[in-house]
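Heads up, the thing below is written out as structure tokens.
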Amino acid sequence: MATNIALVGIGKIAVDQHVPAINASDDWTLAATVSRSGTVDGVPAFTDFDQMLADRPDIPVISLCLPPVPRYDYAAKAIAAGRHVMLEKPPGATLAEVHALQTMAAHAGVSLYATWHSRMARGVAPAKAWLADKTITRAHINWKEDVRRWHPGQHWVFEPGGMGVFDPGINALSIITEILPQPMHLQHATLEFPSNCDTPIAARMQWTGNVSGDFDWRQEGPQSWDIHVETDAGHLTLHDGGARLLIDGAEVEAGTDREYPALYDRMAELVKTSASDVDLSPMIHVADALTLGKRVAVADFHL
Ligand code: NAP
């Protein structure tokens, strides 16, 4: 039988991915939305989260699609109300607040799932399997996109906690931390901050293990979401955010793309046993970059 779920924050990603994934699944019924402005046709809509929690005890699972800064208060209230919680990426504005949510969820006996949709891209699992017994000699992330195209009007990305270029860049970090057989830690980073922004628009990173990354949000024309890994026994490249995998230059057929459906499958599994799945390693690399990185001021930027 399908379980009732509420979606909170009916913005770009909720409409593009969450609503279709929930509607296509036998595990879930979209039973309510909460948003100050967005609604979904045919679904009871609330503008106040407390009201929804009070009025709908029949909804045991809450999926939070808000930006990271406002998300903690919603997650804490949902857990306090005994609901299972699914978090969009990045799972919070700070590491400590996600640790706090983990503790709360454990005490309340509910699931907390910090989702990483890019880990569900179809090339990622076969890339991980192929790399498992190899020695990595070099890896490079090239993650360059046009923020004006993908985040029109979303000023929060340049406000404190918005993470700037790491909002998409953390997707690359979620993949590399999943596929590499050994951990890495940051050695150097250079972060470019537009003078009128509180978050970086570009970053160059160097980690241990000869792993590097270039992230930029000013790329017009073709967009780049690529990870290249060289090993003692060949090389692989993930293109298109993990959707395409090439091993030694040959395309690997890896099935159909179902990132968000796979996240909702995983949440259904977790809820069965009130288990949690919270891996903060991608966010640790962002926090480390903001701690260790050299800051360079660049030209003002307007969305
Ligand atoms: P968005 O459209 O700007 O915002 C999502 C929703 O959050 C909006 O509907 C807004 O709802 C609500 N919201 C924004 N600020 C709020 C606040 N201070 N208090 C309460 N509600 C607030 O953002 P998005 O692109 O969907 O991104 C949301 C999350 O999904 C981010 O963490 C992002 O990294 C992640 N994500 C985005 C994409 C993408 O392509 N955009 C892809 C994957 C993951 P109301 O104003 O209607 O209340």
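The values are calculated or read from the model by the stated rules, or taken from the named source; none is laboratory data. Everything numeric here is computed off the predicted structure, so don't read it as measured data. Positions of Cβ are backbone-derived with ideal geometry, glycine not excepted, and every protein chain shown enters the neighbour counts. With ligands, DNA and RNA removed, areas are computed over all heavy atoms of the protein, side chains included. Shrake-Rupley method; radii C 1.70, N 1.55, O 1.52, S 1.80 Å.
Accessible surface for the range 124-235, divided over its residues, is 40 Å² per residue with a 1.4 Å probe.
Taking Cα atoms only, the orientation of helix 95-108 departs from the longest principal axis of the chain by about 40 degrees.
Between the Cα long axis of helix 281-292 and the first principal axis of the chain there is an angle of about 60°, rounded to the nearest 10. Protein heavy-atom accessible surface, 1.4 Å probe, per residue over the range 1-103: 43 Å². Rolling a 1.4 Å probe over the protein heavy atoms leaves ARG218 with an accessible area of roughly 100 Å².
I'd like the antiparallel share, as a percent to the nearest 5, of DSSP beta bridges with both residues in the chain.
50
Along the axis of the charge dipole computed for the range 88-135 (Cβ charges of +1 for Lys and Arg, -1 for Asp and Glu, origin at the Cα centre), the listed residues THR94, ALA132, MET104 are led at the positive end by ALA132.
Report, in deg cm²/dmol and to the nearest 500, the calculated mean residue ellipticity at 222 nm for the chain, where each DSSP H run with n ≥ 4 adds -39500 (n - 2.57) and the sum is divided by the residue count.
On the way: 9 runs with 91 residues, N = 303.
Helix contribution divided over all residues of the chain: -9000 deg cm²/dmol.
Would you work out if the range 100-150 is rounded, prolate or oblate? Take a ≥ b ≥ c from the square roots of the eigenvalues of the alpha-carbon gyration tensor; rounded if a/c is under 1.5, else prolate when a/b is larger than b/c, oblate otherwise. Oblate.
In order along the range 254-270, the Karplus-derived 3J(HN,Hα) couplings, from 6.51 cos²θ - 1.76 cosθ + 1.60 at θ = phi - 60°, round to 10, x, 8, 7, 8, 4, 6, x, 5, 5, 6, 4, 5, 5, 4, 5, 4 Hz, and Gly and Pro are given as x. In the chain, Cα pairs under 8 Å separated by at least six residues give a relative contact order of 20 percent.
Of the solvent-accessible surface of the chain, computed with a 1.4 Å probe and all protein chains present, 51% belongs to carbon and sulfur.
For the chain, taking the reciprocal of the average inverse distance between every pair of different Cα atoms yields a Kirkwood hydrodynamic radius of 20.0 Å.
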